[in-house]
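The values are calculated or read from the model by the stated rules, or taken from the named source; none is laboratory data. Small disclaimer: the values here were computed from a predicted structure and weren't measured. A quick note on method: Cβ atoms are made from the backbone with ideal geometry, for glycine too, and the neighbour counts reach across all protein chains shown.
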Amino acid sequence: MIDAAEKQSIEIDTKKLASLLRVPVVSINAKHKIGTRKLAEVVLKAVDTAQIPHPAWLSETGFDDVIHLSLTDDAKVNRPIFARYNFISDVYQETVKPKDTQERSISEKIDRILTHKFFGLVILIGILLLVFQTIFSWASLPMDLLEQGFGSLGNFLHAQMSEGILTDLIVDGVIAGVGGVLVFLPQILLLFLFISILEDTGYMARAAFLLDKLMSRVGLHGKAFLPLMSSFACAIPGIMAARTIENPKDRLATILIAPFMSCSARLPVYTLMIATFFAGQTVFGFISLGAILVLAMYALGIVVAVGVAFILKRTLLKSPPPPFVMELPPYRLPNFRAVFQNMFVRAGLFLKRAGTVILAISILLWALTYFPRSADVKSSASIVQNQEQSETSNLNPEIVQEGAQIQNSYAGMLGHAIEPVIRPLGFDWKIGVALIASFAAREVLVSTLSIIYNVGKDADAENETLIQAVKEAERDDGTPAWTPLTALTLMVFFVLAMQCMSTVAVVRRETNSWAWALFMVGYMTGLAYLAAFLTYQGGKFLGFG
């Protein structure tokens, strides 16, 4: 950016700077490729030398080192930060001659508005709303097309291949698993597009500055706001956006609470429960009860995330308030070549890092619902069909067989096995099967319930047949399987539980540790169970059961 320095009449003594840094220094303007050839020549020459840079550039502790070697020595993290900026200040004084004028720069004039303690926050909220509304609206079409494309590919292969385990593995395991990953790609691309633009224009630093005071009250860095906001669309890009946080403990704390934000995958679960038990109901005669419940679920996730962050930063990830040392770069037009390059590189890393783990778990979950295969499945399907023919005469035999298969599968066995554990939450074994299957993706709960209740796996959350089936579902003892309190309890559980294998895979890759990923699954599931238990048992105590 030597051109930007020249425009502001700033002189930089590159020879003196090279001497102080102990590395070669080359003035370049990457946007217009000025000085890049000289840089390449110096790099090639430096390869053959043994020049050691100044210690200030070698003292920063790495993310993995702090996580795996020292979670208690917080001074290590802060000392390099202050030492580096002290060094920078000294070097700046000796090598840079800024323009001698009292006139405010354009950036300083803009900052009077954008970093204002009131108007700056209002503008920031407006920008965030615009970004996430754009992500939701722009991503919906390509996400739908990807979903339809993978569905069509699965149908095509199913029609071309002979019936059997291999066909089902490829169609329902591999293609469904890969499709479950790639369907998030439009959101990830758009999110990183906006992140790159905000960073390149210089506004990201201002946003972190505005929110640092608020975030620091629970021990988080100001930069944590964007990953958490991003997680309302999807936790995967939100967790990846935490890379902008330098301090490893702050970054880890942000990663561990990001999944509490109610992502778009939870909405089908909320929609089905509200459509079944709370549709048409109002509060004060004009406020939709369903809207209030959805808002309450979002609020619950935020409150729990703040509480967990507060506890983590004072226990497992204990550290002093992070020093907020941040450069406020001048505002400038983004370099769109660099923006798009950055966007596609990050998206590629997501596919490369998370894809293999997600595919493996997808196949495992497919196997749990597919096996064992035996003649018992067909006979069970016949029994189910005979039991229900008195109520309806248009049951599809294939749909009935799908329901019988999942009930007799290993997933069905696990559902029966965990029923004593989930019974205090008001859940029966069929809901348990849906909970197990929904680990593939939260919204899978809806299609799993559709299969179990013999509606068909293609039914969505607003399908009237599915809604009626849920209303009329009974436990083995003949009592209603679902009540409004059960539905509310399930919604609370889904707000807090880690029901998303893709998120787990990304956490494992971002932290380079299965320990942190499994810790997140464990503590979130424990919190979800406790909250659901209090909701259901408290509701019964108050007479709402």
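At-a-glance table
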item: Number of the condition not met by Ala159 [criteria: (1) of a type outside the set (Phe, Trp, Tyr); (2) in contact (Cβ under 8 Å) with a residue 12 or more places away in the chain; (3) within 30 Å of Ala360 (Cα to Cα)]; result: (2)
item: Residue list for the stretch 198-220, filter: at pLDDT 85 or above and surrounded by fewer than 18 Cβ atoms within 10 Å (Cβ to Cβ); result: Thr201
item: Verdict on Met240 being within 19 Å of Ile135 (Cα to Cα) and surrounded by fewer than 24 Cβ atoms within 10 Å (Cβ to Cβ); result: no
item: Selection count where residues are in contact with a Lys or Arg (Cβ under 8 Å, 6 or more places away or on another chain), part of a helix (DSSP H, G or I) and at pLDDT below 85, scope the stretch 66-94; result: 2
item: Condition met for Ile257 (crowded, with 18+ Cβ neighbours inside 10 Å, more than 24 Å from Ser502 (Cα to Cα) and either out of contact with any Asp or Glu (no Cβ under 7 Å at 6 or more places or on another chain) or modelled with pLDDT of 90 or more (or both)); result: no
item: Test: residue in the stretch 115-128 that is closer than 27 Å to Glu6 by Cβ, touching a Lys or Arg at 6+ places or on another chain (Cβ under 9 Å), modelled with pLDDT of 85 or more and not basic (Lys, Arg); result: yes
item: Hey, Phe494 in a helix (DSSP H, G or I), among the hydrophobic types (A, V, I, L, M, F, W, C), buried (at least 16 other Cβ atoms within 10 Å of the Cβ) and over 22 Å from the mean Cα position of the chain (by Cα) or not; result: no
item: Residue ID - nearest to Tyr410 (Cα to Cα), chosen from residues in the stretch 350-377 that are modelled with pLDDT of 75 or more and in contact with a Leu (Cβ under 9 Å, 6 or more places away or on another chain); result: Leu368
item: Some residue of the stretch 474-484 being at pLDDT below 90 and either of a type outside the set (D, E, K, R) or part of a helix (DSSP H, G or I) (or both); result: yes
item: Members of the stretch 1-12 found to be free of Cβ contacts under 8 Å to residues at least 12 places away in the same chain and within 19 Å of Ala338 (Cβ to Cβ), listed by number; result: Ala5
item: Qualifying position, being assigned by TED's automatic domain parsing to the domain that holds Met491 and either over 26 Å from the mean Cα position of the chain (by Cα) or part of a loop (DSSP other than H, G, I, E, B) (or both), among Val470, Val446, Val433; result: Val470
item: Those residues of the stretch 13-36 which are assigned to a loop (DSSP other than H, G, I, E, B), of a type in the set (A, V, I, L, M) and within 19 Å of Val339 (Cα to Cα), in sequence order; result: Ile28
item: Candidate set from the stretch 414-455 (those that are free of Cβ contacts under 8 Å to residues at least 60 places away in the same chain and of a type in the set (D, E, K, R)); member that is surrounded by the fewest Cβ atoms within 10 Å (Cβ to Cβ); result: Arg423
item: Top-ranked residue in the stretch 276-316 [being more than 30 Å from Gly222 (Cα to Cα) and in a helix (DSSP H, G or I); ranked as modelled with the lowest pLDDT]; result: Ala291
